[in-house]
Every structure is written in structure tokens, then in C-alpha cells.
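One structure is given here, and the rest of the page talks about it.
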Amino acid sequence: MQQERPFDLLNKVTGQKVFIRLKNNVSIRGRMSSFDAHMNIVLEDAEELDGGDLKAKLGTILLRGGNIIFISPA
Amino acid sequence: MQQERPFDLLNKVTGQKVFIRLKNNVSIRGRMSSFDAHMNIVLEDAEELDGGDLKAKLGTILLRGGNIIFISPA
Amino acid sequence: MQQERPFDLLNKVTGQKVFIRLKNNVSIRGRMSSFDAHMNIVLEDAEELDGGDLKAKLGTILLRGGNIIFISPA
Amino acid sequence: MQQERPFDLLNKVTGQKVFIRLKNNVSIRGRMSSFDAHMNIVLEDAEELDGGDLKAKLGTILLRGGNIIFISPA
Amino acid sequence: MQQERPFDLLNKVTGQKVFIRLKNNVSIRGRMSSFDAHMNIVLEDAEELDGGDLKAKLGTILLRGGNIIFISPA
Amino acid sequence: MQQERPFDLLNKVTGQKVFIRLKNNVSIRGRMSSFDAHMNIVLEDAEELDGGDLKAKLGTILLRGGNIIFISPA
Amino acid sequence: MQQERPFDLLNKVTGQKVFIRLKNNVSIRGRMSSFDAHMNIVLEDAEELDGGDLKAKLGTILLRGGNIIFISPA
């Protein structure tokens, strides 16, 4: 049996909604359509959240991995 | 079928208008004419935005990828 | 006898509860299900803590290693 | 036809006046005489700007690429 | 005679008590059980200190090297 | 004809007085006696400046390149 | 004749007293017993200074190179 690795989670949630906490206290929610080895991530229908409230609709975004604290299936 | 990767989005939006959120709370809008593997990006007719308002016309700029939080088709 | 290395601790606590202190003064608790060489970590049933109090239930998260100050068996 | 890359802009503006926005809220203007792969840049007759106003004449400077947000033909 | 190198100190203090000053103004004391080339360090019976006073008992921790200012035999 | 590169400026000013602006708002002046590929620099008779005023005589110093914003012939 | 390089200064001051300015406004003085290519440095009889005043006796310390602004023979 092969050992699980953190990026397996990214494979599993591709095509699904995710919640992403960023370093600058911003959170973003959207459907993950792709990722790469730097954790750069494309989200569709992305929304910026302030606390739990919608702050801005962002549409499709390419998010640089270096800004991410954590990613979670939404 | 080949898997999509985040940089495919940059290929798709080359020649089109993009919105870029930077780390220092600045946002920039412009037409993307080129990018490289570090996400360095050249924008034509770039404009610096403060909230939704135009703050400064920047013309052509070469933006260092390390300053970027996300890029979005405008 | 082979020398112990810090990542041996991560192997030992895989499947167990861990406490993680992050750089932005946030702490997270959860069951570690996987990690990689960058100390990226997947936690199940993750909880964000403020001081010792529960602040938010996060569920499954993939945490980027670069945000971590220390990890401890909980 | 070969694809344009961001550093092509640096080649084009070599010998010309450029405007450079730095991370620490400082802007610099000068004639670019050389650059390298790290975006280290030599400017002649460089001037430090505060808003649009001249703050200091710097003469020839070697600017480390890591401090740059964007470069623009002036 | 071979020249001493800084990591020789880490070898010497393995199994002994060390004091570690971190970047975020936190200090930690504990018995070092292992380290690696990134200066990631496992401490047993770790204690967080505020000034000279005990702030929290942390038990066993894996500390990421990038947060360290200095390490000292305690 | 070979293209000029930014480090050519460092070669030219070796043995001469330079002015260096650092990231933490400190400026240093001194005679550059050597440099390497990381822009680490040795200065002789170095002086720390606050605005234009002498703040401290530092003597010979080895300055880490990563702290530098720009270097200029003084 | 071989060109001098910045690390030659570290070789020269090994075994001697040095003054080290760190990024977090702390200064440290001590006798340098070893260094490596990352500028990690071991100091004996290290003292933390606040302005010119002794703040704490640190004894032997291994200082991570990344925290250093400059090193100077004391």
C-alpha cells in the first residue's frame, strides 16, 4: 500500500469547492479546477470572504501558492 | 486527455485584460502581453486601482511575479 | 544504530492528534494524516484555537509547511 | 514566430528612461544601462521620487531585483 | 586537523538542554533530541518562555529551522 | 562587443567609496574592498548614516547582500 | 594574485571578537569560533547588546546567517 501524501488531497478536491485561508487575513472560496507543484491554484467562481461574509465576487482566479496558509474542502 | 495546469490560464488570457491583486494592497488592471515561469507579467495600458477607482495610469509595466496574490481575467 | 532525524517525529505522529503553532499567532489542532518534505501537512478534524479556546472547526485541511513554527503531539 | 517574454521588455528599454516602483513605497526613475536574470538593474542619473516629486538625486545605482514591484518605460 | 563548523555545535548538544531564541520574540527551552540540515530541531520537555518566565509547557516539539535566531546550550 | 551586466558596476567600484541603502531604512557608506555573487560586500571605514548625518563609525564590515536595496558610487 | 572575497573576512576574524548587527534591531558581540557558507556562525562568550549596553550574557550560541545584517571585527 502506497503512503498518502498532502498533494493527494488536492487531487481529490479538483473539480470541487474549496475554502482557502491566505496570509493577509483574506479567505477565498471557489471551485478548484487545477493546481501545480508550487500549490498555485485556479479557482472558478471565486469569492473573497471577510469573516464569513461575501466581500467580492472574483470569478476565475489563478492564486499563487506562496500566499496560502491552508486549503480545505468547502 | 492532458490535465489542466494553472499556467494554462495565463496562456488563455494572453492578449486579454486581466485584474491583478498585489501583496501591498494595490490592484492593477491591464492587457497581459507576456508572462514567464516566475509569473513575471507584462501588462499594456496598466492602471493602478484603489478600491474600484483609478489611482494612476502606468502604461506598459513589467510586474515581478513574487508580488502577486492572484490574477483574474477582467 | 541509525541516528534519529526530526522528520522521524512526523512519521511517529501520523494518524495521531497534533498541535501546530503557526507564524500568524494562530494555533491549529487535528489528526495528522500525511506530510511531505516541505512539512506540508494534512489534518483531519482540524480546529483553529485562540489561546486555548476553540475558534473555528476547519474539518480536513492541507496546511503549507512554510507557515509552521512548531508541531507537537497533542 | 517566437513568443514574447517579460524580459524582452527589459531588452527594449535598455538605454532608455524607466520608472521603477519598489516594495518600500519608494519610486525611482533613471536611464537603464543593464540588467540580469535576477532583475538586478543599473540606472544612470537615478532619482528617488516621493509621490511625483524629486526626493533625492542618486546618480548611478545598482538596484537589487528583489525590491522591485514593477518597471515601466518612463 | 579538520576545521570546526557551526553544525558541530548541534552534534555536541544533542541529548542536552538548549535555549532557542525565535524570530517572533518567543524563546523555547528543552532537551534537543535531533536536528537536520535545515536546522529543524526536535526538543523534548520543551517550555515556552516569556522573558525568563515559563509561559507554557509544550512537551515534545518539532521546530522549523527557519524561525530560529540562535541556539545555545542551556 | 560584450553586453554590460549589473555586476560590472561592482567590479568598477571595487576599491572606491560607495553608498548603500538598506531595507531597514539604514544607509551605509564605505570603501568597497570585495563582493560576491550574493552581493555580500566588504566595506572598509564604513559609516552608518541617518538621513545625511553620521550615526556610527562601523570600521570594516561584511554586509549580507539580501539586506541591500541599492548600491551607488559615493 | 587571487581576488579577495567577502568570506575571506570571516576566515580572518575566526578566533577573534566580532560585533554582529541582526535584522530585529538586536546586536550581538562575541568571539567567532566557526562559520559556514550560509553565514551561520558560532560565537563564544556572546553578549546581547541594546544600544551600547549589555542586555544579556548568552554564552555559546549558533546564530543563523539569515538574521544577520552585517558582521564586523570588534
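Give E:Lys55/G:Lys12; E:Lys55/G:Lys23; E:Lys55/F:Lys57; D:Lys23/E:Lys17 a once-over and call out the pairs whose C-alpha atoms are over 32 Å from each other. The partial results should precede the final answer.
Details: E:Lys55/G:Lys12 42 Å; E:Lys55/G:Lys23 25 Å; E:Lys55/F:Lys57 40 Å; D:Lys23/E:Lys17 41 Å.
Checking Cα-Cα distances, E:Lys55/G:Lys12; E:Lys55/F:Lys57; D:Lys23/E:Lys17 exceed 32 Å.
Based on DSSP H runs of at least 4 residues, each adding -39500 (n - 2.57), what is the mean residue ellipticity at 222 nm of the protein assembly as shown after dividing by all its residues, to the nearest 500 deg cm²/dmol?
Numbers: 7 runs with 56 residues, N = 518.
Result for the protein assembly as shown: -3000 deg cm²/dmol, rounded to the nearest 500.
Take peptide C:22-35, look around each residue's Cβ out to 10 angstrom, count Cβ atoms belonging to other protein chains, and average those counts.
Working: counts 3, 8, 6, 1, 3, 0, 2, 0, 0, 0, 0, 4, 7, 4.
That average works out to 3.
Within the protein assembly as shown, what whole-number % of the accessible surface is contributed by carbon and sulfur, with the 1.4 Å probe and all protein chains included in the calculation?
Taking all protein chains in place, the protein assembly as shown shows 45 percent carbon and sulfur surface.
How many nm separate the modelled label positions at A:Glu44 and G:Ser27, each set 7 Å beyond the Cα in the direction of the Cβ?
Output for this residue pair reads 6.0 nm.
Mind checking the dipole of the protein assembly as shown: about its Cα centre, +1 per Lys or Arg Cβ, -1 per Asp or Glu Cβ, Debye to the nearest 20? Display every interim value, and only then the final one.
Working: 70 positive and 63 negative charges, 5 e Å.
Dipole size: approximately 20 debye.
At a threshold of 8 angstrom on Cα-Cα distance, excluding pairs fewer than six apart, so keeping six or more, what relative contact order does the stretch E:12-73 reach in percent? Could you put the intermediate results ahead of the total?
Numbers: 141 pairs, mean separation 21.6, N = 62.
For the stretch E:12-73, the relative contact order is 35 percent.
What is the Cα centroid distance between the stretch A:7-74 and the stretch D:41-59, reported in whole angstrom?
Value for the Cα centre distance between the two parts: 39 Å.
Excluding ligands, DNA and RNA, what is the accessible area buried between chains A and B, summed over both sides, using a 1.4 Å probe, to the nearest 100 Å²? Could the numbers behind the result be given before it?
Numbers: alone 5070 and 5080 Å², together 8650 Å².
In total, chains A and B hide about 1500 Å² from solvent.
Under a point-charge model restricted to the Cβ atoms of Lys and Arg (+1) and Asp and Glu (-1), what is the dipole moment magnitude of chain B relative to its Cα centre, in debye to the nearest 20? Kindly include the intermediate steps, with their values, before the conclusion.
Numbers: 10 positive and 9 negative charges, 16 e Å.
Charge dipole of chain B: 80 debye, to the nearest 20.
What is the spin-label model distance, in nm, from C:Lys57 to D:Asp36 if the labels are put 7 Å beyond Cα along the C-beta direction?
So the two model labels end up 5.5 nm from each other.
What whole-number value in Å² describes the accessible area per residue of the stretch E:12-73 for a 1.4 Å probe? Don't jump to the answer; show the numbers that get you there.
Details: 2600 Å² over 62 residues.
Counting only protein heavy atoms, the per-residue value for the stretch E:12-73 is 42 Å².
Grab the residue from chain A whose Cβ hugs the A-to-F rotation axis most tightly, plus its distance in whole angstrom.
Residue and rounded Å distance to the axis: A:Gly66, 9.
Going highest first, how would you order C:5-16, A:47-58, F:20-31 by mean Cβ packing within 10 Å?
Working: C:5-16: 15.8, A:47-58: 12.2, F:20-31: 18.6.
Output ranking for C:5-16, A:47-58, F:20-31: F:20-31, C:5-16, A:47-58.
The values are calculated or read from the model by the stated rules, or taken from the named source; none is laboratory data. Everything numeric in this text was worked out from a predicted model, so none of it was measured. A quick note on method: Cβ atoms are made from the backbone with ideal geometry, for glycine too, and the neighbour counts reach across all protein chains shown. Ligands, DNA and RNA are excluded from the accessible area calculation, which covers all protein heavy atoms including side chains. Shrake-Rupley method; radii C 1.70, N 1.55, O 1.52, S 1.80 Å.
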